[in-house]
Amino acid sequence: MATQGPPRKKVKKLDTIINEDINKNIKEENLGTVIAQLKSTDGEIIDAPLSLPANVTPEQLELLVNQLLLNDEPLPYAFSVDDKEITSTLYKDIIQGLKKSTEDILTIVYQPQAIFRVRAVTRCTSTLSGHNDAILSVSFSPDGTQLATGSGDMTVRVWDLNTETPHFTCKGHTNWVLCISWSPNGRLLASGSMDKTVRLWIPSTGKPLGDPLRGHTQCITCLAWEPQHLNPKCNRFASSSKDGTIRIWDTILRRVIMTMSQHTSAVTCIKWGGDGLLYSSSRDKTIKVWDAIQGKLVRTLEGHGHWVNTMALSTDFVLRTGAFDHTGKIPRDENEAQEWALSRYKVAVGNKPERLVSGSDDFTMLFWEPSTNKKPVARLTGHQKLVNHVSFSPDGRLIASASFDNSVKLWDGLTGKFIVSLRGHVCPVYQVCWSSDSRLLVSASKDSTIKIWDLKSKKIKLDLPGHLDEVFSVDWSPSGEKVASGGKDRQLKIWRN
């Protein structure tokens with residue numbers, strides 16, 4: 001008996017395939033039209049409702065908005081309906097994705113994106129040794145030309161970014177350096193230590209500015225400078241401590257101007273807002289809002305069920321970089337720097353109040369508008385372990401949170417609504433940092449890797465191994481060219497594209 005072979009596959013004729021493609025295109029063209037209203041994130045409506053093809057793409061919407069706004073130079077925009085971004089076509093993402101009817105009047109929200117584009121870093125160009133203990137903090141200067149690190153070896157180091165070599169070693173602390181912070185004009189560097197003191201350094205020479213600033217009775221946990229648009233001299237900063245107090249210092253007078261001590265436990269994080277308010281989070285489960293000029297308590301924000309570990313402001317990026325932006329322009333004097341910083345701050349805020357997000361050991365985050373209300377706008381739930389670090393994107397559209405549950409989560413920066421979980425790390429994530437164009441995110445983890453995430457695809461873009469142990473701190477330069485990371489292996493790594 002003859003053996004039977006496998007059944008023969010039916011092969012489609014070429015004309016059948018061509019006809020199917022033609023029919024598919026005809027179907028896509030015949031999806032009909034939808035009535036849409038274009039609206040900015042500030043609520044400004046442009047023109048009357050428009051009749052648009054259902055399969056309109058983001059690129060076509062971009063052309064339309066630029067035309068309606070009479071922009072001299074075309075600007076890039078992102079589009080969303082009910083907080084869902086349009087990435088392919090209006091029909092696929094919104095009508096099918098959100099199960100909308102073509103009969104509905106859709107409100108399409110447009111948001112300008114950064115004109116410049118940051119390329120993802122892809123390789124480690126330098127592994128710099130020198131620290132004799134774990135690197136606990138890494139920070140680029142506001143203009144991105146200098147880099148500083150604080151370490152468990154009791155030193156602060158300033159690195160030369162042109163040659164990628166050690167520049168200065170700043171010695172003076174007698175215990176671990178826990179935090180470092182640049183003044184908004186980049187002329188001073190403050191460091192806080194377990195030795196209960198704050199020290200000021202001149203980064204251009206590596207020399208200390210006077211003696212250590214004493215007053216706290218326990219280790220320093222966080223430092224925050226007064227924004228440049230509020231004070232062009234950049235001579236005031238705040239420090240928080242495990243002793244439960246916040247102190248505001250004057251770098252010229254070299255003394256404490258005021259002490260704020262309403263917390264009943266260690267203060268974990270402080271932020272100096274652009275409207276003159278100072279925010280402090282604590283292990284007493286509260287966040288306190290202070291008037292930074294008079295030192296008065298404005299309100300107490302309650303809602304967390306455990307220690308509050310971290311906070312982020314929607315304006316963090318512009319407050320950190322002051323007058324400096326991606327163009328590399330340098331202001332002529334303090335007044336011009338103040339003007340530039342103020343105009344950048346106004347653009348970042350728009351017509352909405354400054355927003356704050358806090359992360360806690362209770363596995364949740366709370367979303368606040370603390371200048372106007374003491375009740376949280378939203379509770380952000382989803383993490384399975386404590387939230388270690390939170391960060392707003394430079395444009396304020398997104399929030400990234402790092403947790404001990406090995407994940408990074410993304411949330412809507414205007415509503416607090418959950419967007420997506422970014423999974424890839426296999427150990428707790430310690431820190432996240434945004435690229436200056438808000439299109440990329442870098443995360444540092446206990447698993448000894450840093451990872452670059454693409455916010456358009458919501459997927460991992462690059463996995464960057466190289467560290468020999470846990471990576472405690474990571475920072476992306478404001479210019480976008482470099483990422484620096486440091487951790488338990490005592491090595492500073494600089495990554496470039």
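The values are calculated or read from the model by the stated rules, or taken from the named source; none is laboratory data. The model shown is predicted, which means the values in this text are computed figures rather than measured ones. Here Cβ is always computed from backbone atoms with ideal geometry, including for glycine, and neighbour counts include all displayed protein chains.
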Residue within region 370-385 that is crowded, with 23+ Cβ neighbours inside 10 Å, in the same structural domain as residue 137 (by TED's automatic domain parsing) and under 29 Å from residue 235 (Cβ atoms) present: yes
Some residue of region 347-361 being modelled with pLDDT of 95 or more and over 19 Å from the mean Cα position of the chain (by Cα): yes
Strands (runs of 3 or more DSSP E) fully within region 153-241 counting 2 or more residues that are within 25 Å of the chain's Cα centre (by Cα), closer than 26 Å to residue 310 by Cβ and in contact (Cβ under 8 Å) with a residue 12 or more places away in the chain: 155-160, 177-182, 189-193, 220-225, 236-241
Strands (runs of 3 or more DSSP E) fully within region 399-497 counting 2 or more residues that are closer than 20 Å to residue 124 by Cα: 429-434, 440-445, 450-454, 459-464, 471-476, 482-487, 492-496
Criterion (in the same structural domain as residue 164 (by TED's automatic domain parsing), closer than 30 Å to residue 353 by Cβ, among the polar types (S, T, N, Q) and out of contact with any Asp or Glu (no Cβ under 7 Å at 6 or more places or on another chain)) met by exactly one of 445, 407: 407
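Each row is one residue, and each column tells you yes or no for (1) of a type in the set (Asp, Glu); (2) under 15 Å from residue 316 (Cβ atoms); (3) touching a residue at least 40 places away in the same chain (Cβ under 8 Å).
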position: 415; (1), (2), (3): no, no, yes
position: 435; (1), (2), (3): no, yes, yes
position: 452; (1), (2), (3): no, no, yes
position: 456; (1), (2), (3): no, no, yes
position: 459; (1), (2), (3): no, no, no
Of all residues in region 79-90 being modelled with pLDDT under 85 and not in a loop (DSSP other than H, G, I, E, B), the one that is surrounded by the most Cβ atoms within 10 Å (Cβ to Cβ): 85
So residue 391, is it within 15 Å of the chain's Cα centre (by Cα), at positive phi, touching a residue at least 12 places away in the same chain (Cβ under 8 Å) and crowded, with 19+ Cβ neighbours inside 10 Å: no
Selection status of residue 234, modelled with pLDDT of 95 or more, crowded, with 22+ Cβ neighbours inside 10 Å and within 19 Å of residue 320 (Cα to Cα): no
Residue match in region 247-256 (condition: in contact with a strand residue (DSSP E or B) (Cβ under 7 Å, 6 or more places away or on another chain), farther than 20 Å from residue 181 by Cβ and not in a loop (DSSP other than H, G, I, E, B)): no
Qualifying residue in region 413-428 (condition: closer than 24 Å to residue 147 by Cβ, surrounded by fewer than 23 Cβ atoms within 10 Å (Cβ to Cβ), touching a Phe, Trp or Tyr at 6+ places or on another chain (Cβ under 9 Å) and at pLDDT 95 or above): no
Which numbered condition residue 174 misses (of (1) over 23 Å from residue 494 (Cβ atoms); (2) of a type in the set (Val, Ile, Thr); (3) touching a strand residue (DSSP E or B) at 6+ places or on another chain (Cβ under 7 Å)): (3)
Test: residue in region 210-224 that is within 14 Å of residue 180 (Cβ to Cβ) and among the hydroxyl-bearing types (Ser, Thr, Tyr): yes
Selection within region 326-361 - part of a loop (DSSP other than H, G, I, E, B) and either buried (at least 20 other Cβ atoms within 10 Å of the Cβ) or among the hydroxyl-bearing types (Ser, Thr, Tyr) (or both): 327, 354, 355
Among the candidates 268, 300, residue that is among the β-branched types (Val, Ile, Thr), more than 27 Å from residue 322 (Cα to Cα) and assigned to a strand (DSSP E or B): 300
